[in-house]
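Written out below as structure tokens is the structure these notes cover.
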Amino acid sequence: MSTTTLQRLRGLSFRAIIAVVFAFLLLPVVIVVLTSFTTQTFPAIPHEGFSLEWYEQLLQDDKLLGALTVSLVVATASAMLSAIIGTIAAIGFVRAEFPYKQQISTVMLLPMIISPVITGIALVRYFGTIQLPSGYPALVLGHTVLSLPYVFLLVRSELLTFDEDLERASRVLGADPVTTFRHVTGPIISPAILAGGFIAFVVSFGEFTATQFLISPDTSTVPVVIYTMLRTGLTPTINALSVVLIVVMLVVALSSRRLTSS
């Protein structure tokens, strides 16, 4: 057997393995999508036609729509805060020198390392100490703590490869630090900021474990509501809501790719 034939066989084998892996990963998602169109009263792959009944029920369910609104508001607010604070922190860590710099940097990454249960308990204790009300304030700040490390890591990595001569040239030409950031530094690192913000949105939108400690009766998020519904029984309405969440995540992912590559 020639070398060219062996290389082709290896290439085909590799592609086949990749296809099997992707099929294995996507099969549960496909099943969720299909069962959301079932005509049965329980999640099942439709055999007798497709129905939009469960999407209609979803649109009429004030509890689920309210949870979806809360999740969108909290995820958007925490992503914006994470992008702002994470960018400022990354600039400070890259450009400034101060004692225990590496140790403090490690501490900022702890929400990515330790269990969300521990983070949730710690946040509840702290918010109780400062008398921060539960609901939106606690959820936004708590999710910001959880998603901040992602923005910090991405922006810091971008700044480490940034050519500081561009900033020096801007200042030599008379620009102040704010103008230099707006017209030089900011546009160059903006893809990292946007990518970190989108990741923060996704992390916040899907966060469940720590969120249980931060919600109030009027501000339950989608993951918490789905978990509560699953304890009483699985209905196709949950599958319909899951499809909506899949669409939201796809929109966020495609928007992130489009904006960060432009």
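The values are calculated or read from the model by the stated rules, or taken from the named source; none is laboratory data. All values reported here derive from a predicted model rather than from experimental measurement. Ideal geometry is used to build each Cβ from the backbone, glycine not excepted, and the neighbour counts take in all protein chains shown. The protein model used for the area step is the full one, side chains on, heavy atoms only, and it has no ligands, DNA or RNA in it. Shrake-Rupley method; radii C 1.70, N 1.55, O 1.52, S 1.80 Å.
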Worksheet item: Do we find a residue being under 30 Å from THR235 (Cα atoms) and of a type in the set (Gly, Ala, Ser) anywhere in the stretch 80-93?
Response: no
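To keep it simple, each residue is scored yes or no on (1) crowded, with 18+ Cβ neighbours inside 10 Å; (2) closer than 30 Å to VAL222 by Cβ; (3) touching a His at 6+ places or on another chain (Cβ under 7 Å).
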{"position": "ASP165", "(1), (2), (3)": "no, no, no"}
{"position": "ALA169", "(1), (2), (3)": "no, no, no"}
{"position": "GLY174", "(1), (2), (3)": "no, no, no"}
{"position": "VAL178", "(1), (2), (3)": "no, no, no"}
{"position": "HIS183", "(1), (2), (3)": "no, no, no"}
{"position": "ILE188", "(1), (2), (3)": "no, no, no"}
{"position": "ILE193", "(1), (2), (3)": "yes, yes, no"}
{"position": "GLY197", "(1), (2), (3)": "yes, yes, no"}
{"position": "GLY206", "(1), (2), (3)": "no, yes, no"}
Worksheet item: What are the residues in the stretch 44-61 that are open to solvent by 50 Å² or more (accessible area, probe 1.4 Å) and over 16 Å from ILE238 (Cβ atoms), if any?
Response: HIS47, GLU48, PHE50
Worksheet item: Does the stretch 27-43 contain at least one residue that is among the small types (Gly, Ala, Ser), at pLDDT below 85 and open to solvent by less than 60 Å² (accessible area, probe 1.4 Å)?
Response: yes
Worksheet item: Within the stretch 125-153, can you find the residues that are open to solvent by 60 Å² or more (accessible area, probe 1.4 Å) and over 13 Å from ILE85 (Cα atoms)?
Response: ARG125, TYR126, THR129, ILE130, GLN131, PRO133, SER134, TYR136
Worksheet item: Taking interchain pairs and intrachain pairs at least six residues apart, which have beta carbon atoms under 7 angstrom, with the first residue in the stretch 48-62 and without any contact (Cβ under 8 Å) to a residue 60 or more places away in the chain and the second surrounded by 15 or more Cβ atoms within 10 Å (Cβ to Cβ)?
Response: PHE50/PHE37; SER51/PHE37; SER51/THR38
Practice prompt. Considering (1) part of a helix (DSSP H, G or I); (2) within 21 Å of GLY128 (Cα to Cα); (3) of a type in the set (A, V, I, L, M, F, W, C), say which one PHE208 fails and leave the rest.
Written response: (1)
Fill in: MET80, sole failed condition from (1) touching a Leu at 6+ places or on another chain (Cβ under 7 Å); (2) of a type outside the set (Gly, Ala, Ser); (3) within 20 Å of ILE199 (Cβ to Cβ)
(1)
Discussion item. Take the conditions of a type outside the set (Asp, Glu), farther than 25 Å from THR185 by Cβ and open to solvent by less than 70 Å² (accessible area, probe 1.4 Å) and apply them to LEU109. Does it pass?
Written reply: no
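Within the stretch 210-223, restricting attention to residues that are farther than 16 Å from THR144 by Cα and touching a Ser or Thr at 6+ places or on another chain (Cβ under 6 Å), which residue is most open to solvent (accessible area, probe 1.4 Å)?
SER216
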Practice prompt. Take the residues in the stretch 117-157 that are in a helix (DSSP H, G or I) and over 25 Å from GLY206 (Cβ atoms), then tell me which one is modelled with the lowest pLDDT.
Written response: GLY128
Worksheet item: Do we find that ILE84 is surrounded by fewer than 17 Cβ atoms within 10 Å (Cβ to Cβ) and at pLDDT 90 or above in this structure?
Response: yes
Worksheet item: Restricting the search to the stretch 87-103, which residues are of a type in the set (Phe, Trp, Tyr) and surrounded by 12 or more Cβ atoms within 10 Å (Cβ to Cβ)?
Response: PHE93
Worksheet item: Within the group LEU234, LEU250, LEU259, which residue is touching a residue at least 24 places away in the same chain (Cβ under 8 Å), open to solvent by 30 Å² or more (accessible area, probe 1.4 Å), hydrophobic (A, V, I, L, M, F, W, C) and assigned to a helix (DSSP H, G or I)?
Response: LEU259
